[in-house]
Amino acid sequence: MVATAFHTAQTDAEQIDYRVDAQVAGCDTAEDHRVSQFDELSPEAQEVFLSTLQSNGAYTTTTNPEQFDISSDSDYENYIVYESDCYSLVGYGAGLGSGMPTFVLLLFGVPVTLVLAVLAITSYQYIPSESERS
């Protein structure tokens, strides 16, 4: 039960929402290390970018290519030059924190609850009523 719950929590934590927007100003204003040519991306990164572009600019997946920085609280734009156009790709991930509380709760909460239930059952003493004592 705990392993299944952890897998579910882990899967939820790995969901990444990507958004892509065309950059009218181009990639000239971005820092050089943040701009990538489409051809230089890994096949995994190319697949995420193209899927996001073809999905009307929004795409959710569990794939997290190393070339893309993921944002949990602010927009960190990854700039990509594709067919002479500049695009910004932003990935929003829940990060490690969202699945961990669930995992910790299941890992420690379930066993502690079971131990307390066993202690309550074993320490129960039957107290006879007034009519039974006579």
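The values are calculated or read from the model by the stated rules, or taken from the named source; none is laboratory data. This is a predicted model, so every value here is computed, not measured. Cβ sites come from the backbone with ideal geometry, for glycine too, and all protein chains shown count toward neighbours. Quick note on the areas: whole protein, heavy atoms, side chains included, nothing else; ligands and nucleic acids left out. Shrake-Rupley method; radii C 1.70, N 1.55, O 1.52, S 1.80 Å.
What to note about this one:
- Close pairs (7 angstrom Cβ cut-off, 6 or more residues apart or separate chains): over 18 Å from Phe68 (Cα atoms) in region 20-35, hydrophobic (A, V, I, L, M, F, W, C) and open to solvent by less than 40 Å² (accessible area, probe 1.4 Å) anywhere: Gly26/Cys86
- Total residues in region 20-39, condition at pLDDT below 90 and exposed (fewer than 12 other Cβ atoms within 10 Å of the Cβ): 7
- Scanning region 119-134 for residues that are open to solvent by less than 90 Å² (accessible area, probe 1.4 Å) and either charged (D, E, K, R) or part of a helix (DSSP H, G or I) (or both) gives a single hit, Ala120.
- Answer residue from region 40-63, given it is touching a residue at least 40 places away in the same chain (Cβ under 8 Å), within 19 Å of Asp21 (Cβ to Cβ) and polar (S, T, N, Q) and is surrounded by the most Cβ atoms within 10 Å (Cβ to Cβ) among those: Thr61
- Matching residues in region 74-104 - criterion: being open to solvent by less than 40 Å² (accessible area, probe 1.4 Å) and at pLDDT below 70: Gly95, Gly99
- Filter pass, Ser71 being modelled with pLDDT under 75 and within 34 Å of the chain's Cα centre (by Cα): yes
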